[in-house]
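Below is one structure, written out as structure tokens, with a few remarks after it.
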Amino acid sequence: MREAADTARLSGALLEWYDRHARVMPWRVAPRDGRSGLRADPYAVWLSEVMLQQTTVAAVRPYFETFTRRWPTVRALAAAEDAEVMGAWAGLGYYARARNLLKCARVVTDDHDGRFPDSYAALLKLPGVGPYTAAAIAAIAFDRPEVVVDGNVERVMARLHDIRAPLPTAKPELTALAARLTPRKRPGDYAQAVMDLGATVCTPRSPACGICPWMQDCAARAAGAAAELPRKLPKKAKPVRLGIAYVAQRTDGALLLERRAARGLLGGMLGWPGSDWAETAPDPAPPLDAQWEELDAEARHTFTHFHLRLRIHIATAPPGATPSRGQFVERTRFRPAELPTVMRKVFDLAHGRLDEIR
DNA sequence: TATGCGTGGAC
DNA sequence: TGTCCAAGCAT
């Protein structure tokens, strides 16, 4: 157990480092000196934190810009159509976040008069807001001294204290260690400072210990073990699943698309009608009667827990054809960017040949 | 507590 | 090429 004076020195040293090295991000205000009174917009903090769940800053940046331009306030977002928001989220992944984002915007608008609650407990009740996000919003937007623990903080704590127990077993211990270090002053800056440290210095591979403000205090560095921590339980192998995607184009260029079920994989997103995805070869079941042609190429895509190989069948839909699934979307209204990545891969492989046979 | 849930970049 | 990884949450 560290002395209180020691923890104050550590958090102080990190805040000094952050004052000099904080990265510029569109959802941030400049580091505070405790007097400026500047606070980040809770809507921007919430939106960015949800986008940043398991997602890199580089990937989030353009999406954040798009969302705040189209929907500058939580009320504006709450009033958006579901399909608009899902389309705007396409490509960012973990689509349950987008579904919960809309739910949350509507709860804040309808039940909280358009203002985000300012306490950890109230934030935690919101859809899509878990322990990390609730603490982050409370600290960053409302200056509350909450303990913010994400993957960066876990890694930094595991190294600082040389914790050899693997994740996720070690998470409670790492959270307790993070709690001891969290200062009462500038909690939002402190939270962002630890995460920035983890993202730029105390990185998963090849940590830059030589420039770390906590170099002298790091137990793992002293033991020569920094790069090996945190340990993690081994992961399961990903099985390969097989499927068929059907891309039908009408002679006027309209494409047959289908809104996926609201829950589960790619829930609520637009896609091509197709078979289930399973480890055994699927039986063909095209969504309309036509002269189907199977492409030589297949779309390969890796999800969180399986690899997918998607065979692609294409056809020109006969005039007046009525599909058993999905609906035709005018070509001028079709935006490949509104498809999840695996479906966009299918389109990229299909569209040249599609126009040849039309 | 364990599992399902995306994507793109780094190595 | 394959593997690992990132500012987690819901069930």
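So, for the stretch A:4-228, what is the accessible surface per residue at a probe of 1.4 Å, expressed in square angstrom?
Values: 10130 Å² over 225 residues.
For the stretch A:4-228, the solvent-accessible area averages 45 Å² per residue.
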Can you tell me the 0 to 90 degree angle between the C-alpha axis of helix A:187-200 and the longest principal axis of chain A, rounded to 10? 70 degrees
Normalised contact order of the stretch A:147-245, rounded percent, pairs of Cα under 8 Å and 6 or more residues apart: 42 percent
Show me, bin by bin at 10 Å from 0, the whole-percent P(r) of chain A based on Cα pairs. 5, 21, 25, 21, 16, 9, 3, 0
Loop-located GluC sites (Glu not before Pro) in the stretch A:270-358, at most 15 other Cβ atoms within 10 Å (DSSP): A:Glu279, A:Glu330
Surface accessible to a 1.4 Å probe, per residue, for the residues of the stretch A:240-357, Å²: 52 Å²
With the full set of protein chains in place, find how many percent of the accessible area of chain A is carbon and sulfur; take the probe as 1.4 Å. 51 percent
Roughly how many Å is it from the Cα centre of the stretch A:93-114 to that of the stretch A:171-190, as a whole number? 28 Å
Select from the stretch A:249-357 those trypsin sites (Lys or Arg not before Pro) which occupy a DSSP coil region and have at most 16 other Cβ atoms within 10 Å, ordered by residue number. A:Arg263, A:Arg325
Value of relative contact order over the stretch A:105-180, rounded to a whole percent, pairs C-alpha under 8 Å and six or more apart: 19 percent
Excluding near-sequence neighbours (fewer than 8 apart on one chain), chain A holds lysine pairs with C-alpha atoms under 30 Å apart numbering 14
Of A:Gly271, A:Gly210, A:Gly320, the most mobile residue in a GNM of chain A (C-alpha springs, cutoff 10 Å) is A:Gly320
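Need one word for the stretch A:86-186: rounded, prolate or oblate. Basis is the Cα gyration tensor (sqrt eigenvalues a ≥ b ≥ c); a/c below 1.5 gives rounded, then a/b vs b/c decides. Show your work: numbers first, answer last.
Working: a/c = 2.88, a/b = 1.54, b/c = 1.87.
Cα axes put the stretch A:86-186 in the oblate bin.
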Tell me, how many Å apart are the Cα centres for the stretch A:63-92 and for the stretch A:119-163? 24 Å
Where both residues lie in chain A, what percent of DSSP beta bridges are antiparallel, nearest 5? 55 percent
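Please say if the stretch A:1-112 is rounded, prolate or oblate, where rounded means a/c under 1.5 for a ≥ b ≥ c the square roots of the C-alpha gyration tensor eigenvalues, and otherwise the choice is prolate for a/b larger than b/c and oblate otherwise?
Prolate shape, in that a/c is at least 1.5 and a/b is the bigger ratio.
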With axes computed from alpha carbons, what is the tilt in degrees of helix A:131-142 against the longest principal axis of chain A, rounded to the nearest 10 within 0 to 90? 60 degrees
Please say if the stretch A:205-343 is rounded, prolate or oblate, where rounded means a/c under 1.5 for a ≥ b ≥ c the square roots of the C-alpha gyration tensor eigenvalues, and otherwise the choice is prolate for a/b larger than b/c and oblate otherwise? prolate
Quick check: convex hull of the Cα atoms in the stretch A:248-288, volume per residue, rounded to a whole Å³? 81 Å³
Pull up all non-local amide H partners of A:Met269: gap of 5 or more, or a different chain, and H-to-H distance under 5 Å with H placed in the peptide plane. A:Arg260
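The values are calculated or read from the model by the stated rules, or taken from the named source; none is laboratory data. Nothing here was measured: the structure is a model prediction, and the numbers come from that model. Glycine gets a Cβ as well: all are built from the backbone with ideal geometry, and neighbour counts include every protein chain shown. The protein model used for the area step is the full one, side chains on, heavy atoms only, and it has no ligands, DNA or RNA in it. Shrake-Rupley method; radii C 1.70, N 1.55, O 1.52, S 1.80 Å.
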